[in-house]
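See below for the structure under consideration.
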Amino acid sequence: MLESECSIIQERGYSVSREEREPGVAAIAAPIFDFDRKVPAALSLVGPVQRFTEENLAEMVEKLLSATREISLLMGE
């Protein structure tokens, strides 16, 4: 199960967590790559689960991935 979940995350480029670690809390996270295509860091958005609706999630993911791509480019990706 973990392997298939990791494959999905790698394919889409981000991870979503809804109340997995803390009740009422949701998060999305994406990797930041360096010049060797290694992942020295990640960027995440965290907030109340009520704000992570399907409509809001699409916009949040778009902005998160845009930010991680920009940071990765600055790090030499």
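The values are calculated or read from the model by the stated rules, or taken from the named source; none is laboratory data. From a predicted model like this one, the values you see are computed outputs, not experimental measurements. Positions of Cβ are generated from backbone atoms using ideal geometry, with glycine treated the same way; all protein chains shown enter the neighbour counts.
Quick grid of which residues meet (1) in contact (Cβ under 8 Å) with a residue 24 or more places away in the chain; (2) among the small types (Gly, Ala, Ser):
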position: 2; (1), (2): no, no
position: 6; (1), (2): no, no
position: 11; (1), (2): no, no
position: 15; (1), (2): no, yes
position: 20; (1), (2): no, no
position: 25; (1), (2): yes, no
position: 35; (1), (2): yes, no
position: 38; (1), (2): no, no
position: 43; (1), (2): yes, no
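Table: residues versus (1) in contact with a Pro (Cβ under 8 Å, 6 or more places away or on another chain); (2) at pLDDT 95 or above; (3) within 24 Å of residue 6 (Cβ to Cβ); (4) not in a loop (DSSP other than H, G, I, E, B).
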{"site": "23", "(1), (2), (3), (4)": "no, yes, no, no"}
{"site": "26", "(1), (2), (3), (4)": "yes, yes, yes, yes"}
{"site": "36", "(1), (2), (3), (4)": "no, no, yes, no"}
{"site": "56", "(1), (2), (3), (4)": "no, no, no, yes"}
{"site": "65", "(1), (2), (3), (4)": "no, yes, yes, yes"}
{"site": "68", "(1), (2), (3), (4)": "yes, yes, yes, yes"}
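Identify, please: which residue in the range 1-35 is surrounded by fewer than 11 Cβ atoms within 10 Å (Cβ to Cβ) and over 15 Å from the mean Cα position of the chain (by Cα) and is, among those, nearest to residue 56 (Cα to Cα)?
If we take residues in the range 1-35 being surrounded by fewer than 11 Cβ atoms within 10 Å (Cβ to Cβ) and over 15 Å from the mean Cα position of the chain (by Cα), then 24 is nearest to residue 56 (Cα to Cα).
Do the conditions hold for residue 42, that is, is it outside any helix (DSSP H, G or I), surrounded by 11 or more Cβ atoms within 10 Å (Cβ to Cβ) and touching a helix residue (DSSP H, G or I) at 6+ places or on another chain (Cβ under 7 Å)? Write out each step before concluding.
Details: outside any helix (DSSP H, G or I): yes; surrounded by 11 or more Cβ atoms within 10 Å (Cβ to Cβ): yes; touching a helix residue (DSSP H, G or I) at 6+ places or on another chain (Cβ under 7 Å): no.
Against the criterion (outside any helix (DSSP H, G or I), surrounded by 11 or more Cβ atoms within 10 Å (Cβ to Cβ) and touching a helix residue (DSSP H, G or I) at 6+ places or on another chain (Cβ under 7 Å)), residue 42 does not qualify.
Could you grab me the full set of residues in the range 1-20 that are modelled with pLDDT of 90 or more and either among the aliphatic types (A, V, I, L, M) or in a loop (DSSP other than H, G, I, E, B) (or both)?
13, 14, 16, 19, 20
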